[in-house]
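Remarks on the structure that follows.
Since every read-out is calculated from the coordinates, none of them should be taken as a lab result. Being a predicted model, the structure only gives us computed values, none of them experimental. Positions of Cβ are generated from backbone atoms using ideal geometry, with glycine treated the same way; all protein chains shown enter the neighbour counts.
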Amino acid sequence: GQQLNQSPQSMFIQEGEDVSMNCTSSSIFNTWLWYKQDPGEGPVLLIALYKAGELTSNGRLTAQFGITRKDSFLNISASIPSDVGIYFCAGQSLMDSNYQLIWGAGTKLIIKP
Amino acid sequence: EAEVAQSPRYKITEKSQAVAFWCDPISGHATLYWYRQILGQGPELLVQFQDESVVDDSQLPKDRFSAERLKGVDSTLKIQPAELGDSAMYLCASSFNPGRSPLHFGNGTRLTVT
């Protein structure tokens, strides 16, 4: 079945640093979604990507849909304390009639004091 | 901005008791999902509705879990009887057009079974 590899598993960064995380798939996706989840809350949509090569920004966040359709990355520039949380990627394939989301295992972002 | 509403936010129940969760999706979203999330992991799909019909419940433990969306709007997920291993976050999500528009999640119900 389809699998998503999300890396890194966790990141320890200084406030003000840029952050980069990525997801790779064993098969082609038509949609890539990036979510952030704070403790005890539901995932919040950050960026949605629907076209290979698409580069989309949301404030300090930038995400790209890889040209091969098998990967995506998320960058955060000039990190601030409220960026702490778990970031999930998720992909959808139009070959799946129900468009099920395949989820990465998450990247935990921690800011060093 | 419209949100997916879930209640209760927290639920503590004893094993073998029944428990129910409620979800009201974003208005106009025909597709509704129930997910279970174990701490530190990604969400796991339990059931997907299109309007009032179940389109995927292959991962729903049907011996104890049931879900309904009678009028194609709000939905209820029930567990009876609850087991210790059911302790998790139960998330509801909705989408206007799966594959063309993203899923939006509610804040979930944190279930603790004692």
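Loop-located trypsin sites (Lys or Arg not before Pro) in the stretch B:41-114 (DSSP state not H, G, I, E or B) with no more than 16 neighbouring Cβ atoms inside 10 Å: B:Lys62, B:Arg64, B:Lys71, B:Arg100. Quick check: from the Cα gyration tensor, does chain B come out rounded (a/c under 1.5), prolate or oblate? Prolate. Among B:87-96, B:9-18, the peptide with the highest mean count of other Cβ atoms within 10 Å heads the list, and the full ranking is B:87-96, B:9-18. Per-residue 3J(HN,Hα) values for the stretch B:14-24, derived from phi via the Karplus relation 6.51 cos²θ - 1.76 cosθ + 1.60 with θ = phi - 60°, read 8, 4, 6, 7, 9, 9, 9, 10, 10, 9, 10 Hz in sequence order (x marks Gly and Pro). For chain A, the spread of Cα positions along the three principal axes, ordered from largest to smallest, is 45, 28, 20 Å.
Send over the semi-axes of the protein assembly as shown's equivalent ellipsoid, whole angstrom and largest first, taken as the square roots of 5 times the C-alpha gyration tensor eigenvalues. Please report the intermediate quantities before stating the final value.
Details: eigenvalues 175, 89, 47 Å².
Semi-axis lengths for the protein assembly as shown are 30, 21, 15 Å.
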